[in-house]
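Q: Below is the structure I would like to discuss, written out as structure tokens.
The values are calculated or read from the model by the stated rules, or taken from the named source; none is laboratory data. Since this is a predicted model, take the numbers as computed values, not measurements. Here the Cβ positions follow ideal geometry from the backbone for every residue, glycine too, while neighbour counts run over all protein chains shown. SASA here: full protein model, heavy atoms, side chains in, ligands and nucleic acids out. Shrake-Rupley method; radii C 1.70, N 1.55, O 1.52, S 1.80 Å.
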Amino acid sequence: MASIKDVAAEAGVSVATVSRVLNDHPSVSAEARTRVLAAVETLGYRPNAVARSLRTDQTHTLGLVISDVMNPYFTELARSVEEEARALGYSVIIGNADERPDLQDHHVRNLLDRRIDGLLVSPTDGGSPLMLDAVRAGTPMVFVDRWIPGVDVPVVRADGQAAVRDLVAHLHGLGHRRLAIIAGPAATTTGRERIEAFREALGAYGLELPDAYIGQGDFQAESGRRVTEGFLDLPEPPEVVFAADNLMALGALDAVRARGLRIPEDIALAAFDDIPWFVHTDPPITAVAQPTGELGRAAVRALVDRIEGRPGESVTLPARLVVRRSCGEPPNPPQSPTPVQRSTS
């Protein structure tokens with residue numbers, strides 16, 4: 001592998017001149033710059049990123065800690081983060097917390113040890129001392145999707161309140177009155193927000209949300225299955241189950257089918273977090289869609305702003321209702337395409 005000394009010899013310049021060219025220093029003449037870049041191309045020289053980071057105190061690497069890599073929502077979020085970061089000249093190292101606060105902190109600690117330039121996190125809970133210490137120490141950080149209240153860093157998220165209101169209005173218009181929810185963990189901001197939005201939307205129609213119609217999930221499929229089985233065992237089961245994320249919706253779907261019941265004839269199903277496979281179930285699932293790709297790209301831009309000394313701003317984007325046929329809709333309701341976000345960079 002060619003070294004910087006080999007490049008200097010090939011170009012007929014000093015090692016210092018090569019270094020200045022590679023670091024885009026303005027003091028190098030156009031002729032010398034041309035010779036150095038030609039030598040780099042001829043020899044296939046690649047600068048040592050680790051050594052360069054020690055000199056510049058910058059690695060051009062971002063850390064991303066997501067809540068669950070098996071969740072298609074976070075998989076798509078990670079993809080959009082990586083695409084936008086690459087377009088801005090950064091690499092990304094990803095850690096999967098698997099909805100575990102201890103594993104989340106393990107990844108955060110390792111990423112900080114690797115001297116990343118900044119950190120994107122979707123917190124699994126609201127009480128990580130390690131992240132609080134990192135923020136106090138000046139580590140550029142942005143929360144995406146979820147956040148820790150009271151921590152002064154930008155938050156990039158979707159606002160699902162209006163979309164949940166639209167969902168409840170849609171269900172009410174179809175004649176449904178007994179609506180239940182598989183809620184996300186109360187330790188997460190998204191878990192708390194979605195159940196409160198659902199409760200408030202029901203209240204606007206004079207509908208209650210009794211305790212029997214609230215099931216505590218953990219954003220995992222097994223909890224959706226367990227909670228739905230409990231709903232189906234009630235003396236008066238709900239007419240609709242609203243799962244507060246896509247994996248819990250999958251578990252709910254499994255539980256209904258295991259009983260030999262049909263959706264929507266025997267019980268209706270709706271979900272928060274629209275994902276591509278919802279259009280392939282029978283029937284296709286009505287869902288609240290978040291602008292996942294846009295969130296990932298906005299989060300990267302906010303973090304790079306912080307890294308490069310600009311004020312990174314919080315961003316809130318609207319979610320929207322995608323009507324399909326899992327709640328007793330007419331055979332051909334107006335459909336919106338599943339928002340699979342892709343980078344336009």
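Q: Mind checking which of I182, N110, T124 is farthest towards the positive end of segment 110-200's charge dipole, using Cβ charges of +1 (Lys, Arg) and -1 (Asp, Glu) about the Cα centre?
A: The listed residue farthest towards the positive side: I182.
Q: Something else now. Do you know the relative contact order of the chain, to the nearest whole percent, from alpha carbon pairs under 8 angstrom that are 6+ apart?
A: Numbers: 679 pairs, mean separation 56.5, N = 345.
RCO, the chain: 16 percent.
Q: I've got another one for you. What full-extension length gain, to one decimal in nm, is calculated for R310 and H60 as 0.36 nm per residue of separation minus the Cα-Cα distance? Don't skip to the answer; put the middle values down first.
A: Working: separation 250, 0.36 × 250 = 90.00 nm, distance 1.61 nm.
Extra length from R310 to H60 when fully extended: 88.4 nm.
Q: Here's something else I'd like to know. Write down Rg/Rh for segment 156-271, rounded to two decimals, with Rg from the C-alpha atoms and Rh from the Kirkwood relation over Cα pairs. Walk me through the numbers before you get to the answer.
A: Working: Rg = 13.0 Å, Rh = 13.9 Å.
Taking Rh as the inverse mean 1/r over Cα pairs, Rg/Rh reads 0.94.
Q: Another question, if that's okay. Using a 1.4 angstrom probe with every protein chain in place, what is the largest-first accessible-area order of D254, D282, D274?
A: Working: D254 60, D282 115, D274 15 Å².
These residues rank, largest area first, as D282, D254, D274.
Q: Give me D for segment 75-119 in µm² s⁻¹, whole number, from Stokes-Einstein with Rh from the Kirkwood sum over alpha-carbon pairs, 20 °C and 1.002 mPa s.
A: Working: Rh = 11.4 Å.
Diffusion coefficient, whole number: 188 µm²/s.
Q: May I ask you to rank I182, I93, I116 by accessible area, largest first, using a 1.4 Å probe over the protein chains only? Don't skip to the answer; put the middle values down first.
A: On the way: I182 0, I93 55, I116 20 Å².
Largest accessible area first, the residues go I93, I116, I182.
Q: Count charges around L111 for me, please; just the other residues with Cβ under 12 Å from its Cβ, Lys/Arg as +1, Asp/Glu as -1.
A: Here the count lands on 0.
Q: Quick check on the chain: helices-only [θ] at 222 nm, where DSSP H runs of length 4 and up contribute -39,500 (n - 2.57) each and the sum goes over total residues. Nearest 500, please. Kindly include the intermediate steps, with their values, before the conclusion.
A: On the way: 12 runs with 144 residues, N = 345.
After summing the helix terms and dividing by residue count, I get -13000 deg cm²/dmol.
Q: Quick one: compute the contact order of segment 74-202, relative version, from alpha carbon pairs under 8 angstrom and 6+ residues apart, as a percent.
A: Working: 132 pairs, mean separation 22.8, N = 129.
Computed over segment 74-202, the figure is 18 percent.
Q: Let me ask something else about it. How large is the translational diffusion coefficient of segment 246-330 in µm² per second when you combine the Kirkwood radius over alpha carbon pairs with Stokes-Einstein at 10 °C and 1.306 mPa s?
A: On the way: Rh = 14.8 Å.
Translational diffusion coefficient: 107 µm²/s.
Q: Have a look at segment 120-193 and give its Rg and Dmax from the Cα atoms, expressed in angstrom.
A: Final numbers for Rg and Dmax: 16.4, 54 Å.
Q: A follow-up question, please. Quick one: compute the contact order of segment 182-230, relative version, from alpha carbon pairs under 8 angstrom and 6+ residues apart, as a percent.
A: 42 percent
Q: Looking at segment 196-345 from every direction and averaging, what is the projected area of its Cα convex hull in nm²? Kindly include the intermediate steps, with their values, before the conclusion.
A: Numbers: hull surface 45.2 nm².
So the mean shadow area of the Cα hull is 11.3 nm².
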